1. Across 10 Å bins from the origin, how do the percents of Cα pairs in the range B:130-170 run, short distances first?
2. Ranking B:160, C:251 by Cβ neighbours within 10 Å, fewest first, what do you get?
3. Of B:88, C:24, how do they rank once you tally other Cβ atoms within 10 Å and put the fewest first?
4. Taking a ≥ b ≥ c as the square roots of the eigenvalues of the Cα gyration tensor of the protein assembly as shown, is the shape rounded (a/c under 1.5), prolate (a/b larger than b/c) or oblate?
5. At q = 0.09, 0.13, 0.15, 0.16 Å⁻¹, what is the base-10 log of I(q)/I(0) for chain A according to the Debye formula with one equal point scatterer per Cα and no solvent? Please give it to two decimals.
6. Taking springs between alpha-carbon atoms closer than 10 angstrom, which of B:180, B:271, B:141 fluctuates most in the Gaussian network model of chain B?
7. Throw me the Rg/Rh for the range C:133-228, computed over C-alpha atoms with Kirkwood Rh, two decimals.
8. Cα axis of helix C:90-112 to longest principal axis of chain C: angle in degrees, 0 to 90, nearest 10?
Ligand SMILES: Nc1ncnc2c1ncn2[C@@H]1O[C@H](COP(=O)(O)OP(=O)(O)O)[C@@H](O)[C@H]1O
Ligand SMILES: [Mg+2]
């Protein structure tokens, strides 16, 4: 059974069809690439899975459970985490706090303990802090752990967002253009990271990316969207040679740099 | 002793020493400082941590005041029970006001809280059999362990103790996972929700807690004043609370305390300006958001950072 | 009875609509909800009142002068208070408008005193016969003036450069900026225009009751209710919402409770926010990430 199974997802914005009848699936420990020209609906699809948008039609099964109709935090708690195309970080606080906030939902004492700082609340904080420290250590963010996120470089901010997503111990990660704005060297590292996430943690990944080298080297399968419709699906080799894909990309000449 | 603890110790010592050498009026003013500072704490939680604005806190204040007055006079229960009842009643209404906040943000919410406060005021006015309506309601002096406190001197210390208790609770909350989740929602609701932090639950907690604090303050105020009438709980009161909290500093307990001093002392200082007084408050509020958005407490922070210390405003 | 109540309700509603238009205009252009809008209108009305008393100009001229007077109040206010907050978090601007509320509200009391004054009306309260119903000339006049303002506004947004720039800015501020729209100018125009409109609403309310420093508060509350009903980002929605509010208010006061007629607006606000926060006429669109 697939981990994530989308069938017939449709969504439009004030008449504009952003997604129409999109179906595909992501298997356990699989890396699936999602590509397509600008405005194809890739981010919209990710927003549907993480439930920031609610699809008008279709179903999204995760581990066999229907996601449509649940709240965003519920979906996150089920094990789906994401990064954002334009970064959504807690900018005013430290890297450490960002990561803690990614896992804090698992460490809840009662509200009364929180008000009165009872031992249970303190214990929860200790555990969360320990786990945060472990993540910081593992991802090599020690040097910047106590720096405010807004003071970091763009690249580092992207890593923090990835670290925060990882803190949620996801089964599925949705990455929206993790290599955007990076040089080839940095992009290669992103591709490595993505593969490591899968190899070391067994996380399935839905990867939206414009950089073809990253997509081709990291993904097991690729889904191609154009104008909200799925126009192709297959292995990287198949996609590379698909006439439909070549046509979609040649039709738009501005965004596969 | 770590510097932060030392600062708190010194502040408490100064607060405890303040009434000496003052007269009855001075005690009364100091008592009001504490009562306003409690409202400041409540806005510290709601606006500072939660990013939810309210221009209707006089409504919660009124609910606390009337609830306590009624519990003490009509049901004959002790003063402290009345105060707790005031907090609980206001807190429940706070949770109720949060319901529209679940679906909307910012501006709409401010409008809803404004409407809420007007509604409460109108209700209290119309519901004469219970609240005394136009005539108002007499409230007995506070009493502890069966003895009535005739002087505001003693009452001030009760208020100081309650303020410190509430400040401690607010501080714990700011450090706690629930409080930090609330702040996460303020910084980016989208990101927080994608981290598994539900907005509805936290917004309700923020509103209920904030309203509880304000209700307690209102109850304590009722017993200080001795007589309640609905005019006390007008829009002007809500706006004063908001100004005080902003001018003191929305992001820390110290800011709330400074706000309390501001609201209690400014009328004394500005008395000779008569009708222009309120205009000056407005101007001060605008100047504050323009030039000192962190409030008066941020001056303290600037000094501290010169000394190489962590700002008080951060949890 | 009911037709009269409906027509005078529409008149009330169109007064609310003018204030609501001001609120929505500023909100669309600058993302600020101006809590002081009603008070600014009240001050503008007092200025007109003084002008009327001192110069003895005809009332029609005063009504026309209200537009530049309001515009000036709006422009100066924007420059002095809002401009410095342009890049601050939106909550700061909101708080600043509350400061403005205090300044204008109490400033008016300070300057013009706290006693209500009589403000003459352009229209007589005599009834006229329309389609068999007897309605006050006053009501028709109010609706007429409001309609005129809305028509002018329509022309402004459809046919003038400034209007088109404002529409662009309200749709997507960043994109408009990239296309060369001057955001500062848009904000200034919005405040000027909005305040001019709101002063007209002040001039229409003042003769209905007496003019005092409290006059616009209830109007503001209803304008909020109407604007929320209309979704708060649609000018047409705000007008329709306010007309609905005006009519309901009149019927409510006549048949249910007169003393709660001002708080009923609150009930509507809450009901709309709970059931359909995007308003009755617009669709909610999720924030784009
Ligand atoms: N919240 C939204 N409101 C209105 N339109 C949106 C929203 N989100 C996406 N869209 C529209 O949907 C289409 C697809 O956008 P998107 O999913 O961001 O494309 P991609 O990520 O593939 O570049 C675009 O036309 C975009 O303008
Ligand atoms: Mg995208």
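Each reported figure results from applying straightforward, stated rules to the coordinates on display, with no laboratory input. Treat the numbers as computed from the prediction; the structure is a model and nothing was measured. Note that we place each Cβ from the backbone using ideal geometry, even for glycine, and neighbour counts take in every protein chain shown.
1. 25, 32, 33, 10
2. Fewest-to-most Cβ neighbours within 10 Å comes out as C:251, B:160.
3. The most exposed by this proxy come first: B:88, C:24.
4. Oblate is the answer for the protein assembly as shown, as a/c is 1.5 or above yet b/c matches or exceeds a/b.
5. -0.42, -0.85, -1.10, -1.23
6. Result: B:271 has the largest fluctuation of those listed.
7. 1.07
8. That helix lies at roughly 40 degrees to the long axis.
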